[in-house]
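First up is the structure itself, then whatever we jot down about it.
The values are calculated or read from the model by the stated rules, or taken from the named source; none is laboratory data. What you are looking at is a predicted structure, and each value in this text was computed from that prediction instead of being measured. Cβ atoms come from the backbone with ideal geometry, glycine included; neighbour counts cover every protein chain shown.
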Amino acid sequence: MMAVVMAVVCTPAAAGDAFVVRPDDVREAVRAYVAARSSGVHEQPELTFRSVPDSVRVRSADYQLHVEPGTSTKLKGAVAFVVTVESGGMIVQRCMVSTFIRTYADVLVATRMIPWRTTVTPDDYRVLRMETTFLDRPVVLDTAALAGTRTRRIVAQGSILYEDLFEPVPLVMQGDRVNVRVRAGSVTLTAEGVAREDGHKGEVIDVSVQGRGERLKAQVQNERTVAVPVE
C-alpha cells in the first residue's frame with residue numbers, strides 16, 4: 001500500500017526534556033494521507049476523528065509522521081490508521097488513530113424506466129450529489145463509462161446507476177445480417193445469414209443460413225462476419 005509521509009513543520013510543544021507531537025499534527029498527517037489516496041477519485045472524503053492520542057512525546061523537534069493503513073483498505077466508514085513518529089531515521093513512537101470517513105459524489109440516477117438491453121442517453125439520467133459511504137456496489141461516477149454499454153436488466157425510475165447494471169454492447173446482435181464463412185481445405189465459402197443470438201468477438205453463436213432451415217454454430221469475427229469452425 002502507498003504510504004504518505006508528512007514532515008511536521010510546526011514547532012512541537014516542549015514538555016520537560018521532551019517534545020510533544022500535538023493532536024492537530026497527527027490529524028493533519030492523516031488528512032494528507034487520505035487526500036493523496038483520494039486524488040483523481042470522483043468520491044470526496046469527509047473525515048471525523050474518533051480517537052487521536054492526546055500527546056506523543058519525542059526527544060527531538062526534528063521528526064516526521066508516517067501514515068499507513070491500519071484495519072481497512074477502503075477509505076470509507078470506520079477506518080483506523082497507524083501513525084508512526086520517525087526521528088533520526090528510527091521509529092520512536094507508533095500509535096493508532098480512529099476515524100470515520102464519509103464519502104460524497106455526483107451520482108447518476110435514472111429519470112425514467114430504462115428497458116432491458118438499452119443504451120442509455122443523457123435524457124435517461126440526472127446527476128445528484130449524495131453520500132456514497134454506505135453504498136455496497138460500485139456506482140457509475142463517470143458518464144464516459146457508459147459508452148459502448150447497454151443495460152443488463154430493466155432499471156427502475158429513480159434507481160442509482162450501478163456499474164453491474166451494464167454490459168458491453170455485443171459486436172453482433174440477434175437479428176443482424178451477417179456473412180457466414182465456411183472453410184473447406186483451401187477453399188472458403190461465404191453465404192448470407194442471420195444471427196440468432198447476441199455475440200461478442202470470439203464467442204460462438206447460432207446462425208441460420210439463407211435458404212437452409214438448420215442452424216449452425218459460428219464464431220463472431222467482426223460486426224459483419226462469423227466463421228463456422230471446421231471439425
* **Verdict on Gln210 being surrounded by 12 or more Cβ atoms within 10 Å (Cβ to Cβ) and more than 30 Å from Met113 (Cβ to Cβ)** => no
* Please specify each residue of segment 114-160 satisfying the condition of being over 24 Å from Asp198 (Cα atoms), surrounded by fewer than 13 Cβ atoms within 10 Å (Cβ to Cβ) and touching a Pro at 6+ places or on another chain (Cβ under 8 Å). => none
* Structure fact -> Exception for Val97 within (1) within 18 Å of the chain's Cα centre (by Cα); (2) assigned by TED's automatic domain parsing to the domain that holds Ser39 falls at (1)
* Would you point out the residue of segment 186-203, among those that are assigned to a loop (DSSP other than H, G, I, E, B) and of a type outside the set (Asp, Glu), that is nearest to Lys217 (Cα to Cα)? => Arg196
* Asked: Has segment 205-216 got any residue that is basic (Lys, Arg) and not in a loop (DSSP other than H, G, I, E, B)?
  -> yes
* So is Thr149 hydroxyl-bearing (Ser, Thr, Tyr) and without any contact (Cβ under 8 Å) to a residue 12 or more places away in the chain or not? -> no
* **Single residue of segment 109-131 satisfying the filter (part of a loop (DSSP other than H, G, I, E, B) and in contact with an Asp or Glu (Cβ under 7 Å, 6 or more places away or on another chain)) that is farthest from Ala144 (Cα to Cα)** => Arg112
* To do: With the condition kept exactly as written, say whether any residue in segment 94-113 is modelled with pLDDT of 95 or more and farther than 28 Å from Glu46 by Cβ.
  => yes
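Rundown of residues vs (1) surrounded by 15 or more Cβ atoms within 10 Å (Cβ to Cβ); (2) under 30 Å from Ser159 (Cα atoms), yes/no style:
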| residue | (1), (2) |
| --- | --- |
| Val79 | yes, yes |
| Val83 | yes, no |
| Val92 | yes, no |
| Cys95 | yes, no |
| Arg112 | no, yes |
* **Residue that is assigned by TED's automatic domain parsing to the domain that holds Leu108, at pLDDT 90 or above and within 30 Å of Ala78 (Cβ to Cβ), where the choices are Ile154, Ile160** => Ile160
* Among the residues listed as Thr73, Thr103, Thr111, the single one being touching a Pro at 6+ places or on another chain (Cβ under 7 Å) and over 30 Å from Phe19 (Cβ atoms) -> Thr103
* **Residue that is surrounded by the fewest Cβ atoms within 10 Å (Cβ to Cβ) [pool: residues in segment 172-207 that are over 21 Å from Thr149 (Cα atoms), touching a residue at least 40 places away in the same chain (Cβ under 8 Å) and among the hydrophobic types (A, V, I, L, M, F, W, C)]** => Ala184
* Do we find a residue being among the hydrophobic types (A, V, I, L, M, F, W, C), in contact (Cβ under 8 Å) with a residue 40 or more places away in the chain and more than 30 Å from Pro23 (Cβ to Cβ) anywhere in segment 132-144? -> yes
* For Ser159, indicate whether it is within 30 Å of Pro69 (Cα to Cα) and among the small types (Gly, Ala, Ser). => no
